[in-house]
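> Take this structure first; my questions come after.
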Amino acid sequence: MAFAMVTTAVQQSPTIDEPVYVGTAEVLTQQHSLRYNPEHPPLGKLVMAAGLAFEKPYLDPAFTGNQTNLGRHVLYETGNNPYRLMLAARLPMIVLTLLFGLVVLGFARDLAGPWAGLVALALYAFSPDVIAHGSLATLDVPAAGLLLTTFWMMWRSRTRPRLYLPLAGVALGAALATRMSSLPAVPLVLLLTLLSPFVVGRPGAWWKRMAWRVVAAIAVGLIATAVVWLVYLAVDPRLRWTTPALASNPGGLKGMAVDLLPLPKAYRDGVLIQFRFESRTFNGFLFGKAYRGSLWYYAPAALLIKTPLGMIALWLAGTITMLVKPALRVATLYLLVPAGLLMLVAMTGSRDYGSRYVIFMPVFLAVVAGTVVAIRFRWAHAVAAVLVAFVAVSSVRTFPFYLPYSNEAFGGTSHTHLNLHDSNVDWGQDLPRLSGRLRERYPGEPVWLVYKGSGVPAYYGISARNPLAVPNDQVRGLLVVSDSRVALAKGKLKQLIDSSRPIDEVGYSITIYRR
């Protein structure tokens, strides 16, 4: 897994979100300012900054642009080396992803023994989605891993509450300080604290035991809150903050809930910005059809396409095992219920952009799948081993193209762009591969480029013109289009594509046409 992630990290240009995080990480550490990217808390970006510290990137203190321009400024306009900066920011995320694999191993081992831990770890380590996003300087995998750590600590707190409840609070606070999508897990964590039969307190009257449970839940909540405050104070001890125009309070229950959050103003305004995003209408693409708005079934459909078939089978088998086995049934509250709750919340989102929004599913369900070793049917273990091997083969076959992976039932990685778009397949990651392909196979030919991404094509030696800026009859030679733009093509771009002949594919994310 480490080899796959490092290889992927080295070969890919910045994806759409990464420059924003890298630029913000430098502002957080060099200027101690929270003004950029407030819709995501600072912790994940501070982890990236730990890697960037070894490169000492230059940041113009007089820069005043928006966060998108900030990322481009840091990577391409100040003399920094974008290859080295991106690798430096990605390496800490790779380390975190590997460490979360140990959480998967430990949780599954606690539930059903060492073989369960190994099955769970194998599924986690070969998950194309986890490899793809764990090798990027983004926040999805860190938040999912910290949430799994939280519920593992909650599970262990059933027998040793004095040790593991505080650790659960720390992990929950770290998840909240990484990504705001972790907020729906807070009520569940506190409820599990109340319901645990082994929460702190000596045996006695029922009201005394309940009082101790309430105290324990409050303590977990306070620890999580303190962690979030400490992260913000680490950036700026004075918590200087000006509410941006995007952070308008919608009023009603949402506005009231945000006002009641015992968190820094910058955090609460970030939640308001997220609400503002969710109120907008975005473009989507699923099963070959473009649409406006969001589909409630998009997240499960994307997961179905991008998850190895053997992994899906083991998820289902593990779910049934946990529900059937009395000894494992209570563990569903710590695995299946959190995963289901987070999935339901994700399904209400307005941005149908990728399976990364439900990246917690392969993380949590790897542990669930590990419990299949508790099945005592004849050949059950042999079947489980075959399915794990099938997952491994499917994952290795897509190397190093993990971002555009899809399983064999949907045509494999080469067909993902026919069913999905954006971060499922083409997130702007293949500029280096495109540069090499044009240089090797099409030297000297005129290139017309429609690229969706945050990279700067010219930096990678790609000399191209914009075909949308001239009449169609002037576009002659190679028409190069990001597959995310192909999926949503209309008007002039669709005319150009329909009147061209596809001749090549780069990284399963960019199509080259001949005109």
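> For residues that are hydroxyl-bearing (S, T, Y) and closer than 13 Å to A266 by Cβ, tally how many sit in segment 27-78.
Going through segment 27-78 one residue at a time, the tally reaches 2.
> Of all residues in segment 253-272 being outside any loop (DSSP other than H, G, I, E, B) and of a type outside the set (A, V, I, L, M), which is surrounded by the fewest Cβ atoms within 10 Å (Cβ to Cβ)?
So, considering only residues that are outside any loop (DSSP other than H, G, I, E, B) and of a type outside the set (A, V, I, L, M), the one surrounded by the fewest Cβ atoms within 10 Å (Cβ to Cβ) is D259.
> Look through segment 398-429, keep the residues that are in contact with an Asp or Glu (Cβ under 9 Å, 6 or more places away or on another chain) and among the acidic types (D, E), and return whichever of them is nearest to N283 (Cα to Cα).
Across segment 398-429, the extreme among qualifying residues is D422.
> Of everything in segment 174-192 that's part of a helix (DSSP H, G or I) and within 15 Å of the chain's Cα centre (by Cα), which residue is nearest to F100 (Cα to Cα)?
A175
> Turning to a different aspect of this structure: Within the set of pairs 6 or more residues apart or between chains, which connect a residue that is within 15 Å of L263 (Cα to Cα) inside segment 233-244 to a residue that is among the acidic types (D, E) with Cβ atoms less than 7 Å apart?
Short answer, once both residue conditions are applied: T243/D269.
> Turning to a different aspect of this structure: For A346, are the conditions met, namely being within 30 Å of T281 (Cβ to Cβ) and either touching a helix residue (DSSP H, G or I) at 6+ places or on another chain (Cβ under 8 Å) or free of Cβ contacts under 8 Å to residues at least 12 places away in the same chain (or both)?
Spelling it out, A346 is indeed within 30 Å of T281 (Cβ to Cβ) and either touching a helix residue (DSSP H, G or I) at 6+ places or on another chain (Cβ under 8 Å) or free of Cβ contacts under 8 Å to residues at least 12 places away in the same chain (or both).
> Specify which of the listed residues (P250, P237) is modelled with pLDDT under 90, surrounded by fewer than 20 Cβ atoms within 10 Å (Cβ to Cβ) and not in a helix (DSSP H, G or I).
Working: P237 fails: modelled with pLDDT under 90.
Going through P250, P237 in turn, just one is modelled with pLDDT under 90, surrounded by fewer than 20 Cβ atoms within 10 Å (Cβ to Cβ) and not in a helix (DSSP H, G or I): P250.
Residues are listed down the side, and each one gets a yes or a no for (1) in contact with a Phe, Trp or Tyr (Cβ under 6 Å, 6 or more places away or on another chain); (2) more than 22 Å from T138 (Cα to Cα):
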| position | (1), (2) |
| --- | --- |
| T416 | no, no |
| N419 | yes, yes |
| L431 | yes, no |
| S435 | yes, yes |
| E445 | no, yes |
| W448 | no, yes |
| S463 | no, yes |
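> Now for a separate question. I want to confirm something. Restricting to segment 4-18 and keeping residues that are assigned to a helix (DSSP H, G or I) and of a type in the set (G, A, S), which single residue is surrounded by the most Cβ atoms within 10 Å (Cβ to Cβ)?
So the residue we want is A4.
> Take A217 and tell me if it is crowded, with 18+ Cβ neighbours inside 10 Å, touching a helix residue (DSSP H, G or I) at 6+ places or on another chain (Cβ under 6 Å) and in a loop (DSSP other than H, G, I, E, B).
no
Condition check ((1) surrounded by fewer than 22 Cβ atoms within 10 Å (Cβ to Cβ); (2) in the same structural domain as G507 (by TED's automatic domain parsing); (3) over 22 Å from T149 (Cβ atoms)) across all residues:
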position: V20; (1), (2), (3): no, no, yes
position: A25; (1), (2), (3): no, no, yes
position: Q30; (1), (2), (3): yes, no, yes
position: G44; (1), (2), (3): no, no, no
position: A50; (1), (2), (3): yes, no, no
position: Y58; (1), (2), (3): yes, no, yes
position: N80; (1), (2), (3): yes, no, yes
position: Y83; (1), (2), (3): yes, no, yes
position: L96; (1), (2), (3): yes, no, no
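> Still on this structure: Which ones in segment 434-470 are touching a residue at least 60 places away in the same chain (Cβ under 8 Å) and closer than 26 Å to N69 by Cβ?
L434, W448, K452, G453, S454, G455, V456, Y459, Y460
> Continuing with the same structure: Restricting to segment 458-474, what's the tally of residues that are closer than 16 Å to Y442 by Cα and surrounded by 13 or more Cβ atoms within 10 Å (Cβ to Cβ)?
Narrowing segment 458-474 to residues closer than 16 Å to Y442 by Cα: 460-465.
Add one more test, that the residue is surrounded by 13 or more Cβ atoms within 10 Å (Cβ to Cβ), and what stays is 460-462, 464-465.
Total satisfying the criteria: 5.
> crowded, with 18+ Cβ neighbours inside 10 Å, among the hydroxyl-bearing types (S, T, Y) and either farther than 19 Å from D498 by Cα or at pLDDT below 95 (or both), is that true of S482?
So S482 fails the test.
> Here's another thing I want to ask about it. Within the set of pairs 6+ apart or on separate chains, which have a first residue in segment 292-313 that is without any contact (Cβ under 8 Å) to a residue 24 or more places away in the chain and of a type outside the set (F, W, Y), a second that is surrounded by fewer than 21 Cβ atoms within 10 Å (Cβ to Cβ) and outside any helix (DSSP H, G or I), and C-beta atoms under 7 Å apart?
Sorted first by the residue in segment 292-313, then by its partner, the pairs are R292/T281; R292/N283; A301/L286.
> Mind listing whichever residues of segment 162-182 are surrounded by 17 or more Cβ atoms within 10 Å (Cβ to Cβ) and aliphatic (A, V, I, L, M)? Give the steps one after another, and end with the answer.
Our first condition is that a residue be surrounded by 17 or more Cβ atoms within 10 Å (Cβ to Cβ); within segment 162-182, this holds for 164-165, 167-182.
Of everything in segment 162-182, those that are surrounded by 17 or more Cβ atoms within 10 Å (Cβ to Cβ) and aliphatic (A, V, I, L, M) turn out to be L165, L167, A168, V170, A171, L172, A174, A175, L176, A177, M180.
> Which residue, of G491, G436, is surrounded by fewer than 21 Cβ atoms within 10 Å (Cβ to Cβ), closer than 26 Å to R397 by Cα, of a type in the set (G, A, S) and out of contact with any Cys (no Cβ under 8 Å at 6 or more places or on another chain)?
The unique qualifying residue is G436.
> Might you let me know whether segment 445-453 holds any residue that is at pLDDT below 95, of a type outside the set (D, E, K, R), surrounded by 20 or more Cβ atoms within 10 Å (Cβ to Cβ) and outside the structural domain of G71 (by TED's automatic domain parsing)?
Scanning segment 445-453, I find at least one residue that is at pLDDT below 95, of a type outside the set (D, E, K, R), surrounded by 20 or more Cβ atoms within 10 Å (Cβ to Cβ) and outside the structural domain of G71 (by TED's automatic domain parsing), so the answer is yes.
The values are calculated or read from the model by the stated rules, or taken from the named source; none is laboratory data. Predicted model, so just to flag it, every value in this text is computed and none were measured. Reconstructed Cβ throughout: ideal geometry from the backbone, glycine too, with neighbour counts over all protein chains shown.
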